[in-house]
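Trainee: Before we start, here is the structure in question, set down as structure tokens.
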Amino acid sequence: MNHVIIGAGPAGVVAAETLRKLVPEANVTLVGDEQEPPYSRMALPYYLVQQIAESGTYLRKSSDHFSRLNIDVRQDKVASINRKQQQVMLSSGGAVPYDKLLIATGSRPVSPRIPGMDLPGIYACWTLEDARNIAARSKPGAKVLLMGAGFIGCIILEALAKSGADLTVVEMEDRMVPRMMNDTAGGLIKAWCEEQGVHVHTSTKVTAIEKNGGSFSVTLNTGSTITADLIVSATGVHPNVDLLAGTGVETDDGILVNRNMQTNDPNIFAAGDVAQGRDFSTGEYSVQAIQPTAAEHAQLAARNMAGIVGAVHRGSVNMNVLDTLGLISSSFGLWMGAKDGQTSELLNRDRYRYLNLQFADDVLVGATSLGLTQHVGVLRGLIQSKTRLGVWKERLLEDPTRIMEAYLGSTQALGFNARIL
Amino acid sequence: MAWTRKILRVNLTKGTCVAEPLNMDWATKYLGQRGLASKYLAEEIDPACDALSPANNLIMATGPLTGTMASTGGRYSVITKSPLTGAIACSNSGGFIGNEIKNAGWDMIIFEGKSPKPVYLYLENDNATLCSADEIWGKSVWETDDILHTKYQDPLLRIAAVGRAAEQGCLYSAVVNDKHRAAGRSGVGTVMASKNLKAVAVRGTKGVGNIRDPQAFIRATVEGKRVLAENAMTGEGLGALGTQALMNVINEVGAMPTRNMREVQFEGASKISGEAMLEPRESDGKANLTTNGACFGCTIACGRISTIDPQHYTIADKPQYAGNSGGLEYEAAWALGSNTGVDDLDALTYANFLCNEDGYDPISFGATVSAAMELFQIGALTTKDTGGLELKFGSAEALTKAAELVAIGEGFGKDLGLGSKRLCDKYGHPELSMTVKGQEFPAYDPRGIQGMGLAYATSNRGACHLRGYTVSSEILGVPVKTDPFATEGKPELVKAFQDATAAVDSAGLCVFTTFAWTLEDIAPQVAAACEGNWTAESMVEAGERIWNLERKFNIDAGLTAADDTLPERLLKDAAKTGPAKGKVNELGKMLPQYYQIRGWTVDGVPTAETLARLSV
Amino acid sequence: MLKALQLEPEKCTGCLQCEMACSYENEGIFNPSKSRIKVFTFHEEGRFAPYTCTQCAEAWCLHACPVEAIVINPVTGSKDVLEDVCVGCKVCTIACPFGTVNYNADTGKVIKCDLCGGEPACASACPTQAITYVDADHTGLDRMRAHAAQTIPRN
């Protein structure tokens, strides 16, 4: 049995390891096109601020991890997939036959179509190579422009600000992290960043970039011009689906999969950022470019590839956690609210504390938090377990900070033992 | 060590919060909490000042063991000059805020002056801010607690606050922390409110370290906890029945002050006892007591968590009191119950809830109501004075209505808020006030427990059982049994208890540990935690030093030997029933000798030699 | 035979000795805010509930970690955070559906229960045996485990 995985990011690696555990005798091949051992993009910001060495970004720490597990790691680019012959064709020549194939090619940054966007010296912060380049140029006093204040932009933001650079952030939409935070929370994050000396322009677009000697001259749609020594682009990512063009494997935003993470070709699976998997909250299929979803996809795909019956995806909860210069925020599920649902909200602007819970009936379906670091995962637990909150819902409407009590009080084992249920 | 070596000084007049180093010379002599803060108070204010003026200071102090794994190591005290007694006041409380202050990095907080407007202190580690109290002034302690928790979105914020009683000037107002723990006695809450300080909200995440010898400390505290666990009272009795374990015991020995201390046994004691709190009631089949709860770090867990009978008249239209809250301790059950002649457990529980909700001392409140009941009985008070309230002994309705009025300082509640002494003075019968130095008695009648008479008379904060609890020896036989009716040896016994208690109160520990612990058990814990050579002997010496410091403060405040006395009722009217039948308290036989062994003059003034010997 | 922490809220008095023991064992200081085990107070109900990681088989935190900073302890079966590997990205804190992995801003790392390597300090410190370290197949644990499984059905 030949299992082949394209992409050596978290989804690819977790799938390879899961397969090894499930089918010890099978061949498992992992093909990745970057120079380095499999590494985590999540860790790049920490590498940028030199909190960790490059090796600290590696997904697996021991150098013989994959050989010990008898996983064949190929540093190569996949040129094409031959579905008929069930082969993966490598750029370096040669083919890898597969019985089951997993596409875990992740995503890549996309650049807006702006004059000058292709100038040298403009980096996405996506690969280790990008990070090395940014780290070399983001120095104290350097003028740095960050394009995009989405989730990835905000992760890099902290690293850039910490480097001592004079940082300006430009975000097209009307608030920071618009796809993770509502107006209130996004506004608070902006105020916080500005308080820390970062210049933040929301509802602002870069319209042109010109090289002006050693630096860039950047024109904004507001008419003003700013100078930058370094430009970091984080304006969005797109699933790497190009490989599938012409193969007949169906794609939309990402690769379409069923609840077994299987594409329309029963021998081909997809996982991670490239897969349009099931969203727990909406029941719809969409790309969730986040680490926990990648790991869930990968485990599920591997189990299905190994032929385990009943490994069905119930959907992943969309969630994110962000640390913007010390202000920690998170959001879960239907943080924007559910139809006919109820909201419990608590705001303290002075302290940058915010908590917003979304209910459908007496079930928690979404949440947003700012400044919460303790027991925050229980928000996911309550959402994903669809726990009926009963009396606790009313109490949470009154005081959403009692979330942990609500969880313990309304879950059978503890609630019962504590004589609360 | 174990001290954080840092004090927060808050000048309410100027609105400033300043950190300063702890005076370590004083710390090694006065240990912490009660002793150390009393030293600061004595050095910094004029003892003769008006307690409710800006010239008074209010100190919240922790001990060196506060916030450590020593059992009961979560205490803090509020030290100030008392408006009730004019003497030095130190009220000790458990709960969780003491630990929080220490975890925020502070040994004590000293409040000076008076804020021009109501404020509260928000303290998060190093960050201390005085904030406008507009949204909480005029609110109860419980509302204040809820509002601040929600505002800061922090369930672990620990809050101490004064209620509406203090705002209205009730002279025995408490500082309530964690909703139902209180620095209850002597009107420390009244002082806090007089400074326009509504609350202190604390969050500490720094931890408590600086343990001198960590291994020895863990050994000593583990051993201490073992001793507590194996003792019948601290290992079992207090957990099961709370201090209410004493109700039936004290009633049987005939030392249960009843109906303003006219009698020494209460026929309804069994109905309001700890045992009664365990009996399922008819309405919902539940007992008054839900469970026992602990203060921070306490392995005894005597705290009562109770509900009121849902069908009881007090809460029929008040669902906000339907849940669990702090239940009756022995002192509260006695003061609200036996001393007023009320045997309705739910009425007492309700009144106790109100004491916590709006912050006033249930002992002084119950004793003041009982004095008012006696005034009412003899006709010195009428319904014209009370606004229609029929203040009859045994009337639960009168008790709970009085509690409601004192809570908000309205109507006759204003008079009741004066305390027993001023109330009886006002209505022309000072002899009916059962107080020492203006503070109401607790739940042990000194006719049946002679040593307690001397302890009350000489207590530095007025009548109080927690300044020298000789009940322990005279009734319970701890550490040695003495005859409760004898006066011989009692001056020595009282002095020993007073000095030892002062040391325990200054360490950050709960005095209830001394049902099982002696200073021989405590000293190794203190010694392992703190620099300085702490032994049982040096702790006794520190205790004696503290006692004399407090005494000197009181004398400088204008108190004299004439204040070291008991109401005539206890000295002249013999107990009518029980084992103590026919007895009065024979204070006169004990007091002179007490002065002598204290090293005081015949007028009760510490001699220069004594002060020098103890280097006060 | 693996052992596990058995938590019995009905025995808890809320004294927080466990939190002090935990922080002292792991941080060398008495600091409940850094404790891996937490006691929750139900004021209205008059109840207390100690709560910490159940070392669940699903190991959500471990799988969510992007840098392999959470590993299974071969001796105790606990899921341990390798502090020198953790980058502090906090993904595990949102991934753990039980809310038992927490971020420690002072160190920039996450903390969770590691059973103290097999001698949990909280269990030794608990004066009422509300926290005990027992064989993992003990009946009381079944309920907690069953609950953990029911909470988030494994995909």
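Trainee: Going by the structure shown, is B:Gly274 farther than 30 Å from B:Arg569 by Cβ and either touching a helix residue (DSSP H, G or I) at 6+ places or on another chain (Cβ under 6 Å) or not assigned by TED's automatic domain parsing to the domain that holds B:Val584 (or both)?
Mentor: no
Trainee: A:Arg108 versus (1) charged (D, E, K, R); (2) outside any strand (DSSP E or B); (3) within 30 Å of A:Lys205 (Cα to Cα): which is the lone unmet condition?
Mentor: Only one criterion in (1) charged (D, E, K, R); (2) outside any strand (DSSP E or B); (3) within 30 Å of A:Lys205 (Cα to Cα) is unmet by A:Arg108, namely (2).
Trainee: Only one of (1) facing chain C (nearest Cβ under 9 Å); (2) polar (S, T, N, Q); (3) closer than 18 Å to A:Tyr407 by Cβ is not met by A:Thr368, so which one is it?
Mentor: (1)
Trainee: Shifting gears a bit: Restricting the search to the stretch B:555-566, which residues are in contact with a helix residue (DSSP H, G or I) (Cβ under 8 Å, 6 or more places away or on another chain) and crowded, with 20+ Cβ neighbours inside 10 Å?
Mentor: Residues satisfying the conditions are B:Asp564, B:Leu566.
Trainee: Would you mind listing the strands (runs of 3 or more DSSP E) fully within the stretch A:194-280 where at least 1 residues are within 16 Å of A:Leu300 (Cβ to Cβ) and under 19 Å from the mean Cα position of the chain (by Cα)?
Mentor: A:268-270, A:275-278
Trainee: What residue, among those in the stretch A:232-255 that are aliphatic (A, V, I, L, M) and crowded, with 18+ Cβ neighbours inside 10 Å, is nearest to A:Ser215 (Cα to Cα)?
Mentor: Checking each candidate, the answer is A:Val232.
Trainee: Right, another one. Restricting the search to the stretch B:134-169, which residues are over 19 Å from B:Ile101 (Cβ atoms), in contact with a strand residue (DSSP E or B) (Cβ under 7 Å, 6 or more places away or on another chain) and surrounded by fewer than 22 Cβ atoms within 10 Å (Cβ to Cβ)?
Mentor: B:Trp137, B:Thr150, B:Lys151, B:Gln153, listed by residue number.
Trainee: Quick check on this structure: which one of C:Phe30, C:Phe98, C:Phe48 is free of Cβ contacts under 8 Å to residues at least 24 places away in the same chain, on the phi < 0 side of the Ramachandran plot and crowded, with 20+ Cβ neighbours inside 10 Å?
Mentor: C:Phe30
Trainee: From the residues in the stretch A:29-81 that are more than 13 Å from every other protein chain (Cβ to nearest Cβ) and acidic (Asp, Glu), which one is surrounded by the fewest Cβ atoms within 10 Å (Cβ to Cβ)?
Mentor: A:Asp64
Trainee: Within the stretch B:217-236, track down each residue that is crowded, with 19+ Cβ neighbours inside 10 Å and without any contact (Cβ under 8 Å) to a residue 24 or more places away in the chain.
Mentor: Residues satisfying the conditions do not exist here.
Trainee: Shifting gears a bit: Considering only residues that are within 7 Å of another protein chain (Cβ to nearest Cβ) and of a type outside the set (A, V, I, L, M, F, W, C), which ones fall in the stretch C:30-42?
Mentor: C:Asn31, C:Ser33, C:Lys34 - these are the residues of the stretch C:30-42 that are within 7 Å of another protein chain (Cβ to nearest Cβ) and of a type outside the set (A, V, I, L, M, F, W, C).
Trainee: Please find, among A:Thr282, A:Thr293, the residue that is closer than 25 Å to C:Cys96 by Cα, free of Cβ contacts under 8 Å to residues at least 60 places away in the same chain and surrounded by 21 or more Cβ atoms within 10 Å (Cβ to Cβ).
Mentor: A:Thr293 is the lone residue from the list that is closer than 25 Å to C:Cys96 by Cα, free of Cβ contacts under 8 Å to residues at least 60 places away in the same chain and surrounded by 21 or more Cβ atoms within 10 Å (Cβ to Cβ).
Trainee: Let me ask another. Take the residues of the stretch B:285-301 that are polar (S, T, N, Q) and part of a loop (DSSP other than H, G, I, E, B): which is nearest to the other protein chains (Cβ to nearest Cβ)?
Mentor: Once the filter is applied, the top-ranked residue is B:Thr299.
Trainee: Now a separate question. Is there a residue in the stretch C:6-28 that is within 14 Å of chain B (Cβ to nearest Cβ) and assigned to a strand (DSSP E or B)?
Mentor: No; the residues of the stretch C:6-28 include none that is within 14 Å of chain B (Cβ to nearest Cβ) and assigned to a strand (DSSP E or B).
Trainee: For the stretch B:567-577, state whether one or more residues are free of Cβ contacts under 8 Å to residues at least 60 places away in the same chain, under 30 Å from B:Gly237 (Cβ atoms), crowded, with 19+ Cβ neighbours inside 10 Å and aliphatic (A, V, I, L, M).
Mentor: Within the stretch B:567-577 (the criterion being free of Cβ contacts under 8 Å to residues at least 60 places away in the same chain, under 30 Å from B:Gly237 (Cβ atoms), crowded, with 19+ Cβ neighbours inside 10 Å and aliphatic (A, V, I, L, M)), the answer is no, since none of the residues qualifies.
Trainee: Being surrounded by fewer than 19 Cβ atoms within 10 Å (Cβ to Cβ) and either modelled with pLDDT under 95 or within 16 Å of C:Lys38 (Cα to Cα) (or both) is the filter here; which residues of the stretch C:109-127 pass it?
Mentor: If the condition is that a residue be surrounded by fewer than 19 Cβ atoms within 10 Å (Cβ to Cβ) and either modelled with pLDDT under 95 or within 16 Å of C:Lys38 (Cα to Cα) (or both), then C:Ser124 is the only one that fits.
Trainee: Please specify each residue of the stretch B:326-343 satisfying the condition of being in contact with a helix residue (DSSP H, G or I) (Cβ under 7 Å, 6 or more places away or on another chain) and either within 11 Å of chain C (Cβ to nearest Cβ) or outside any helix (DSSP H, G or I) (or both).
Mentor: Passing the criteria: B:Gly326, B:Gly327, B:Leu328, B:Glu329, B:Asn339, B:Thr340, B:Val342, B:Asp343.
Trainee: Okay, moving on. Would the stretch A:390-399 turn up any residue that is more than 17 Å from C:Phe42 (Cβ to Cβ), modelled with pLDDT of 95 or more and surrounded by fewer than 21 Cβ atoms within 10 Å (Cβ to Cβ)?
Mentor: Scanning the stretch A:390-399 turns up at least one residue that is more than 17 Å from C:Phe42 (Cβ to Cβ), modelled with pLDDT of 95 or more and surrounded by fewer than 21 Cβ atoms within 10 Å (Cβ to Cβ).
Trainee: If you don't mind, there's one more thing I want to ask. Check the stretch B:302-325 and report whether any residue there is at the interface with chain C (Cβ under 9 Å from one of its Cβ atoms), touching a strand residue (DSSP E or B) at 6+ places or on another chain (Cβ under 9 Å) and outside any strand (DSSP E or B).
Mentor: Scanning the stretch B:302-325 turns up at least one residue that is at the interface with chain C (Cβ under 9 Å from one of its Cβ atoms), touching a strand residue (DSSP E or B) at 6+ places or on another chain (Cβ under 9 Å) and outside any strand (DSSP E or B).
Trainee: Further question on the same structure: May I ask you to list the residues in the stretch A:129-149 that are in a loop (DSSP other than H, G, I, E, B) and charged (D, E, K, R)?
Mentor: Matches in the stretch A:129-149: A:Lys139 only.
Trainee: Which of the residues spanning the stretch A:127-143 are in contact with a strand residue (DSSP E or B) (Cβ under 7 Å, 6 or more places away or on another chain) and more than 29 Å from A:Pro38 (Cβ to Cβ)?
Mentor: A:Gly141, A:Ala142, A:Lys143
Trainee: May I pose another question? Is there any pair with a first residue in the stretch A:300-321 that is facing another protein chain (nearest Cβ under 10 Å) and a second that is of a type in the set (Lys, Arg) and assigned to a strand (DSSP E or B) whose Cβ atoms are under 9 Å apart and which are 6 or more apart or on different chains, and what are they?
Mentor: That search, which allows pairs on different chains as well, returns A:His313/A:Arg278; A:Arg314/A:Arg278; A:Gly315/A:Arg278; A:Ser316/A:Arg278.
Trainee: Would you check if B:Pro592 is assigned by TED's automatic domain parsing to the domain that holds B:Gly453, modelled with pLDDT of 95 or more, in a helix (DSSP H, G or I) and not aliphatic (A, V, I, L, M)?
Mentor: Answer is yes for this residue.
Trainee: Can you tell which of A:Leu325, A:Leu389 is more than 10 Å from chain C (Cβ to nearest Cβ), under 26 Å from C:Cys61 (Cβ atoms) and in contact with a strand residue (DSSP E or B) (Cβ under 8 Å, 6 or more places away or on another chain)?
Mentor: A:Leu389
Trainee: Report whether or not C:Cys89 is more than 7 Å from every other protein chain (Cβ to nearest Cβ) and touching a residue at least 12 places away in the same chain (Cβ under 8 Å).
Mentor: In short, no.
Trainee: Continuing with this model, one more query. Of the numbered conditions (1) of a type in the set (Val, Ile, Thr); (2) out of contact with any Asp or Glu (no Cβ under 8 Å at 6 or more places or on another chain); (3) within 7 Å of another protein chain (Cβ to nearest Cβ), C:Ile111 satisfies every one except a single condition; which is it?
Mentor: The one condition C:Ile111 does not meet is (3).
Trainee: Sticking with this structure for a sec: Tally the residues that are without any contact (Cβ under 8 Å) to a residue 40 or more places away in the chain and assigned to a loop (DSSP other than H, G, I, E, B), restricting the search to the stretch B:8-45.
Mentor: The number of residues fulfilling the criteria is 2.
The values are calculated or read from the model by the stated rules, or taken from the named source; none is laboratory data. Bear in mind that the values here come from a model prediction, so they are computed numbers and not experimental data. We place every Cβ from the backbone using ideal geometry, glycine too, and count neighbours over all the protein chains shown.
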